[in-house]
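The structure under discussion appears below in the form of structure tokens.
The values are calculated or read from the model by the stated rules, or taken from the named source; none is laboratory data. From a predicted model like this one, the values you see are computed outputs, not experimental measurements. Neighbour counts run over all protein chains shown; Cβ positions are idealised from the backbone, glycine included.
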Amino acid sequence: MKQIPSIVVPIIDNGNTATKNLFELLENKKVIIFGVPGAFTPTCSEQHLPGFIKLSDQIKKKGIDDIFCLSVNDKFVMQSWLLSYSDGNKIKGIADGNAEISQSLEVTSDKSSNFMGLRCTRFAMIVDNNAVIEIFIEEAGKLDVSSAENILSKL
């Protein structure tokens, strides 16, 4: 079973950014982490993140403490992206700028052909006290198994 790594990254929470150890932050919590190839990219911005914003209350009613969106972007981009949604504060951001978490969880994707470099693939995972209980990795170009609707159905 995969574990969340002990890596310090910028976390965006309600428009504020603080550098935290992800492992310590998630201790004794049940969370959803979903990953997107890039903030402000079409599918991520129009479907993936909005789906989790829309269903966040229903997901939390199923015993989830927090919902995190991870992207291989810097903290400024992640902060701006979340702030661009009226309810963006329902989701916390993980700015995995160096792709350290993505590499540790083996969810990287080489997007060099699109001039984006190393990114994370589209995924969602259910995490309980830092243990990855279930992970849903999308096929390229798809948004099915990692959608908020699918994750809600798995809780």
Pairs returned, first residue in region 101-126 that is modelled with pLDDT under 85, second residue that is among the acidic types (Asp, Glu), beta-carbon separation under 7 angstrom, 6 or more apart or interchain, are Leu118/Asp110
Within region 92-133, restricting to residues that are under 16 Å from Val9 (Cα atoms) and among the small types (Gly, Ala, Ser), the one that is surrounded by the most Cβ atoms within 10 Å (Cβ to Cβ) is Gly93
Note on region 92-111: residues among the hydrophobic types (A, V, I, L, M, F, W, C) and not in a loop (DSSP other than H, G, I, E, B) are Ile94, Ala95, Ile101
Going through (1) on the phi < 0 side of the Ramachandran plot; (2) outside any helix (DSSP H, G or I) one by one, Gly141 fails only at (1)
Within region 138-153, the count of residues that are buried (at least 16 other Cβ atoms within 10 Å of the Cβ), of a type outside the set (Gly, Ala, Ser) and under 12 Å from Arg122 (Cα atoms) comes to 3
Q) Based on what the data block shows, is Ile53 at pLDDT 95 or above, β-branched (Val, Ile, Thr), at negative phi and touching a Ser or Thr at 6+ places or on another chain (Cβ under 8 Å)? A) no
*For Gly38, indicate whether it is at pLDDT below 95 and more than 22 Å from Glu138 (Cβ to Cβ).*
no
Exactly one of Ile133, Ile151 is of a type in the set (Val, Ile, Thr) and either part of a loop (DSSP other than H, G, I, E, B) or under 13 Å from the mean Cα position of the chain (by Cα) (or both), and that residue is Ile151
